[in-house]
1. What does the highest-first list of B:191-200, A:348-357, A:264-273, B:227-236 look like by mean Cβ count within 10 Å?
2. Among A:K155, A:K66, A:K390, which one shows the biggest mean-square fluctuation in a GNM of chain A, springs joining Cα atoms closer than 10 Å?
3. Using the beta-carbon distance between B:E362 and A:T16 and R0 = 41 Å, what value does 1/(1 + (r/R0)^6) give for FRET efficiency, to the nearest 0.05?
4. State, to one decimal in nm, how far the label point of B:F298 lies from the label point of B:V392, with both points 7 Å from Cα in the Cβ direction.
5. Along Cα-to-Cβ, 7 Å out, sits the label point; list in nm, shortest first, how far the one on B:E118 is from those in the other copies.
6. Distance between the C-alpha centers of region B:210-232 and region A:278-328? Whole Å please.
7. Ordered shortest first, which distances in nm separate the 7 Å Cα→C-beta label point of A:H363 from those of the other copies?
8. If the label for A:Q335 sits 7 angstrom from Cα along the Cα-to-Cβ line, what are its distances to the same label in every other copy, in nm to one decimal, shortest first?
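The numbers here are math on the coordinates, done by the rules we state, and not lab data. Just so we're clear, the structure is a prediction, and the values are computed from it rather than from any experiment. When we count neighbours, we look across all protein chains shown, and the Cβ atoms used for this are built from the backbone with ideal geometry, even at glycine.
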2 protein chains.
Amino acid sequence: AITIDTPVFELKEVLTGKYGDDTKLIYDLKDQGGELLALRYDLTVPFARYVSMNNIANIKRYHIAKVYRRDNPQITLGRYREFYQCDFDIAGTYDPMLPDAECVKIVCEILSEAGVGEFKVRLNHRKLLTGLFEVCGVPAEKFRSVCSSLDKLDKTPWDEVRREMIEQKGLDEETVDRLTPYITLHGGLELYKQLAEEEQLKRNRDACEALEDLRLLFQYCDILNVSNRISFDLSLARGLDYYTGVIYEAVLLDTDRELSVGSVAGGGRYDNLVGMFNPKRKQQVPCVGVSIGVERLFSVLETRSFAQIRTNETEVYVASAHKGLHLKRLEILNQLWNAGFMAEHSYKRNPKLLAQLQYCEEHQIPYAIILGADELARGIVKLREIPSRKEVEVMLDTLMEELRCRLSLPTLPLL
Amino acid sequence: AITIDTPVFELKEVLTGKYGDDTKLIYDLKDQGGELLALRYDLTVPFARYVSMNNIANIKRYHIAKVYRRDNPQITLGRYREFYQCDFDIAGTYDPMLPDAECVKIVCEILSEAGVGEFKVRLNHRKLLTGLFEVCGVPAEKFRSVCSSLDKLDKTPWDEVRREMIEQKGLDEETVDRLTPYITLHGGLELYKQLAEEEQLKRNRDACEALEDLRLLFQYCDILNVSNRISFDLSLARGLDYYTGVIYEAVLLDTDRELSVGSVAGGGRYDNLVGMFNPKRKQQVPCVGVSIGVERLFSVLETRSFAQIRTNETEVYVASAHKGLHLKRLEILNQLWNAGFMAEHSYKRNPKLLAQLQYCEEHQIPYAIILGADELARGIVKLREIPSRKEVEVMLDTLMEELRCRLSLPTLPLL
């Protein structure tokens, strides 16, 4: 994919009506004259706006950038008000499920290679939900709000969600009872086959379209060796308004941790979002994509890693063994910089040698050059290997070459 | 240096009173309850806030991130409302001018290596200005506002600035006349020497301190081979409130271009900013730094480069020569991905071969694998070198090895 960048703020109206209940979490900018602006809530809506504005017919892009949510931060869960997302989306008119399967594959690849332990990709289809709702008698105007109740099922027991649907969302008890056997279903290809046999679903157009999509998706995911990761899960609804087809969400399965980070990736198909920004444009631009919650992944990785991570890239430190050498240090430093080495020295005129060497050890700098008047008079400096504390004398004339040789060999691991 | 990240918004109060006249360009967030926030205007103030909040005594960091200015964008000049800055700062109590000289050196290195043509680094000292103002009789409460008039001298003739000082800033004509001979001075080491001999400056403490700093800075810059880039320029004032010592600004000298991009880097010493965020902390943390206007540099580079820049990294494209091969394509694609290749294919089931090969050429993808039923029956695929359009038959068994060999050799330049 190619990468693009979009501004951190969008016109307020671009974000309006895209995020369901979560619209309240959008940060607005103050009206200081000019356009009304808001900070982006995700990378999907800005992407669709970009595709529309630039009249793009097809594009495959990734975008790693920060998004903003006016929420309570929960640091240990990797939930912040400002956080990175990494999105991958495929926009364009293509054959069913080929782009969708690639998104599922990419999620599986990223999670496997990140080494965050076992995971599964929960998967459902918005049109299957629509079909089920129709078949069970949920009124059309309540689809979205019933979706948002459903979405709580991963954290809330069914009894409670059932009560919410009846008492708050105003569904009949009978409707909910008709929904119940479906909603709790999850499985794999065999579940797809079971649903595909159900007479009442066979007669519903949305359900049939969804099941045909799912058949293809399972077939492709099988070839891409990721079907073992998939859990076809009829309670997955995802809160965002813009999804129109396949939806999925990756969750980590490691139950050892005290706190679950919940979903670490999610996405789905949104075929109408680009069109919303330019209703006059005849050609629709169907899209499917995935968003990786990189900060949640990092919060998991950080709880596992105890290694000290080196935060600088300095290759060589120029130290002085005694007073009065700061100009000579600058001169050698300048030679190192001009030769392309990453080099530094103390910003004190007459630093103590011990302090300089301690700095090198603390910052895991592999080499130090130690200047002394006696050695300099002989055209020589000391070259110290910091980890082993071994020192050798090197002719100033051959210093750059010596360093180049040594640094091309692996010394300290650069993490 | 190490790198750090700070949030895109700060508490409004953190930014207040730091930017002089430019405070009006700060984007505020709407008051939606909770803290009053504003988008960062630069990376310097957030850095100082970070050093203060984390009780850091010394740090050398760079930060490449976006800043926000509620200004009229001028695209051709590389002036945007959202743009990247690249800052490098050294915080800590050190000996005079060693960190400052490194900042000047870094500016010169970056501008030389970026290949944006000739440039100079204009340089001055806030305390020299303070001393001059005192000596010439500018009232202390008018120092800042006179600085902001001075700062216009690079774009505005002296007559106009003079009129502004008298009519708008309320200086006496005599005061301005006393300032005049100094303000128009610029030069190098010889100018420093001339000023150092002036009796009235010798008697002013601020001027003496500044001149001693400048003497050291010239000496260090000479060793670092950048003194030929420096223009000691008494009209340089820089608008920001927080500078306390050496200030500098890099400007491009290429006059061929129709439009001047103006300053492409700037910075200076700000010894009191960290302390402003925690007045109770006894230890001051003096700082010096530089901000590189990377987008302005890019706008200059873009006017010079006509090369088509490749925007993807795909190494191999899996194409089908005829209908009915999409499952086989997925299978080979999956093998390529699992083997670590950057590979893609068409998201259409039965794309035309010509369309697939055109895609490769347009996107500068070096290789295509072409599948056909006949070849597959013989355990073979065609491997096509896109630039030369040469094709060879390769056994499927050895395809990965063949590709690995070819891709380790330079094929197309990856820009």
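1. Details: B:191-200: 13.6, A:348-357: 15.1, A:264-273: 24.1, B:227-236: 20.2.
Going by the mean number of other Cβ atoms within 10 Å, highest first, we get A:264-273, B:227-236, A:348-357, B:191-200.
2. A:K390
3. Numbers: r = 37 Å, r/R0 = 0.89.
It comes out at approximately 0.65.
4. 3.9
5. List, nearest first: 7.0 nm.
6. First find each Cα centre; the distance between them is then 35 Å.
7. 4.3
8. Those label-point separations list as 5.6 nm.
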